[in-house]
Amino acid sequence: MKRKKNTRLVHQGINRSIFSETSEPIFMTSGFVYENAKEAEYAFQDKKKRFIYSRYGNPTISVFEERLASIEGAEKCWATSSGMSALFTILMSYLKKGDRVVAARALFGSCHYILTNILPNFGIEVVLIDGQDLNLWEKALKKKTKLVFFETPSNPCLEIIDIKKVSEMSHRSGALVVVDNVFATPILQKPIEMGADVVMYSATKHIDGHGRVVGGAILSNNKFCEKYIQPFIRNTGPSLSPFNAWVLLKGLETLDLRMNYQVKSAKEIINYLTEQEFVSDIFYPFNKKNKSYNLAKSQMLAGGTILSFTINCKSSLHKKKAFDLLDNLKLIKISNNLGDNKSLITHPYTTTHHRLNEKEKRSLRITKNLIRLSVGLEDTSDLIKDIDNSFNRVFRGKK
Ligand SMILES: Cc1ncc(COP(=O)(O)O)c(C=O)c1O
């Protein structure tokens, strides 16, 4: 009988050593030893299933992979050294010269960089579109396409893309569908159940959740992983370290609890921001004013822990007031990271998305008065007080 999600988050994949430890052991070893030469020969011939070398696989990494795959509902998970190496592995293992990729434009900065600066060097055509517009997907997918990539909700304006419909259209065109599910996490959204072929994570974010390590993951079916991901990772080495795998494993144990609390807190902060005259737009999947509200409701269990908002002042003061608002916070920390237990705030225009040109920024609504907040585990009333104090100082001239 399959156990419930919260039980699997704590127990799935555990493989106790001869010492019967409670918590999963960390196998900090690069290699493994053999009883005799024959055993080594069989291991390399795949006649004996066992660990060979930690670039290929490691017992601690395996527990993390099995646990995350179970939560995602995927046949297989491959852990990687970062979210970016997860994406790079998917793209470089599957694509070849002459292939075409269609992606939504609203992407994390480094994902955008790989698509627009690296793939074209290998003779791969990349078409970026507004991922919210199904007509644009239909048009772009008329031409033979090998892979489709999008992030939903997107960073930083939380655009929502219709996973089911885009997957159907992409499959008709023969394309593999890859979804960056970082903002939603496997707790709030299951792209594979909605038709996606591959899901990727920056495990650095909510999966760790304590701001400790960098890591990533690729989830898909056995066939795809065996053919593309396994040989690529084994031979090129974007493997996760066993120590980081252990840290991420501990992160998974509390992921559901943390997500539920942080989502609740995010909702209360949105209620507060809605009342503020100095806030104009609020970007959040479950904000009723969001044009994709119904779509978000249909594919996510909750709106997530991240929200963005714009401040309302003269446009010549946008950057100054945004910086002042951040600088006057005492509890919420300025950081480009997200998904942490600590609430983190950033100005995407000058940080995470600074490399985009003005036109790209405008089309993604990344303006100088946009602020992104990743809500942590602090008491919500302390967070609201901190934001309110900063608003008072910056906009109401109070000390
Ligand atoms: C949506 C999204 N995808 C991918 C990444 C890259 O992950 P990593 O920093 O673990 O390489 C990030 C990092 O911020 C992200 O926000």
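The values are calculated or read from the model by the stated rules, or taken from the named source; none is laboratory data. Keep in mind that what you see is a predicted model, and the values were worked out from it rather than measured. Note that we place each Cβ from the backbone using ideal geometry, even for glycine, and neighbour counts take in every protein chain shown.
Some notes on this structure:
- Selected residue (criterion: nearest to the ligand (Cβ to nearest atom)) from residues of segment 69-80 that are surrounded by fewer than 20 Cβ atoms within 10 Å (Cβ to Cβ) and within 20 Å of Ser239 (Cα to Cα): Lys76
Here is a yes/no grid of residues against (1) touching a residue at least 12 places away in the same chain (Cβ under 8 Å); (2) within 21 Å of the chain's Cα centre (by Cα):
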{"site": "Asn271", "(1), (2)": "no, no"}
{"site": "Asp281", "(1), (2)": "yes, no"}
{"site": "Lys288", "(1), (2)": "no, no"}
{"site": "Tyr293", "(1), (2)": "no, yes"}
{"site": "Ile306", "(1), (2)": "yes, yes"}
{"site": "Cys313", "(1), (2)": "yes, no"}
{"site": "Ser316", "(1), (2)": "no, no"}
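- When Ser85, Ser20 are checked against the criterion of being loosely packed, with under 15 Cβ neighbours inside 10 Å and either assigned to a loop (DSSP other than H, G, I, E, B) or among the polar types (S, T, N, Q) (or both), Ser20 stands alone in meeting it.
- Residues of segment 88-125 satisfying the condition of being free of Cβ contacts under 8 Å to residues at least 40 places away in the same chain and either within 16 Å of the ligand (Cβ to nearest atom) or surrounded by 14 or more Cβ atoms within 10 Å (Cβ to Cβ) (or both): Ser110, Ile114, Leu115, Thr116, Asn117, Ile118, Leu119, Ile124, Glu125
- Residues of segment 190-204 that turn out to be more than 14 Å from the ligand (Cβ to nearest atom) and in a loop (DSSP other than H, G, I, E, B), as a count: 4
- Against the test of being over 19 Å from Ile61 (Cβ atoms) and outside any strand (DSSP E or B), the options Ile207, Ile187 yield a single qualifying residue, Ile187.
- Within segment 31-68, the set of residues being of a type in the set (D, E, K, R) and either at negative phi or buried (at least 17 other Cβ atoms within 10 Å of the Cβ) (or both) comprises Glu35, Lys38, Glu39, Glu41, Lys47, Lys48, Lys49, Arg50, Arg55, Glu65, Glu66, Arg67.
- Set Leu240, Leu249, Leu219: member being in contact (Cβ under 8 Å) with a residue 12 or more places away in the chain, more than 16 Å from the ligand (Cβ to nearest atom) and crowded, with 22+ Cβ neighbours inside 10 Å: Leu249
- Residue in segment 292-325 that is nearest to the ligand (Cβ to nearest atom), counting only those that are surrounded by fewer than 18 Cβ atoms within 10 Å (Cβ to Cβ) and under 25 Å from His206 (Cβ atoms): Leu301
- For the condition among the polar types (S, T, N, Q) and within 16 Å of the ligand (Cβ to nearest atom), Ser85 qualifies.
- Filter result (in contact with a strand residue (DSSP E or B) (Cβ under 6 Å, 6 or more places away or on another chain) and closer than 24 Å to Arg372 by Cα) within segment 99-114: Ala103, Ala104, Arg105, Leu107
- Any chance Arg55 is in a helix (DSSP H, G or I), over 30 Å from Thr367 (Cβ atoms) and in contact (Cβ under 8 Å) with a residue 40 or more places away in the chain: no
- Asp130 meets the conditions (1) of a type in the set (Asp, Glu); (2) within 21 Å of the chain's Cα centre (by Cα); (3) closer than 29 Å to Lys76 by Cα in every case but one. The failed one is (3).
- Considering the conditions (1) without any contact (Cβ under 8 Å) to a residue 24 or more places away in the chain; (2) touching an Asp or Glu at 6+ places or on another chain (Cβ under 6 Å), Met200 is excluded by exactly one of them, (1).
- Against the test of being closer than 30 Å to Leu257 by Cβ, assigned by TED's automatic domain parsing to the domain that holds Asn336 and either among the aliphatic types (A, V, I, L, M) or touching a residue at least 60 places away in the same chain (Cβ under 8 Å) (or both), the options Arg365, Arg355, Arg372 yield a single qualifying residue, Arg372.
- Unmet requirement for Thr352, which otherwise passes all of (1) buried (at least 22 other Cβ atoms within 10 Å of the Cβ); (2) under 12 Å from Asn155 (Cβ atoms); (3) not small (Gly, Ala, Ser): (1)
- One residue stands out in segment 338-382 among those that are touching a helix residue (DSSP H, G or I) at 6+ places or on another chain (Cβ under 9 Å) and among the acidic types (Asp, Glu): the one that is nearest to the ligand (Cβ to nearest atom), namely Glu360.
- In segment 149-176, the residue that is surrounded by the fewest Cβ atoms within 10 Å (Cβ to Cβ) out of those that are more than 16 Å from the ligand (Cβ to nearest atom) and not in a helix (DSSP H, G or I) is Gly174.
- Filtered residues of segment 369-395 (kept if over 22 Å from Cys157 (Cα atoms) and basic (Lys, Arg)): Lys385, Arg393
- Qualifying residue in segment 138-146 (condition: within 22 Å of Ala184 (Cα to Cα) and either among the aliphatic types (A, V, I, L, M) or within 16 Å of the ligand (Cβ to nearest atom) (or both)): no
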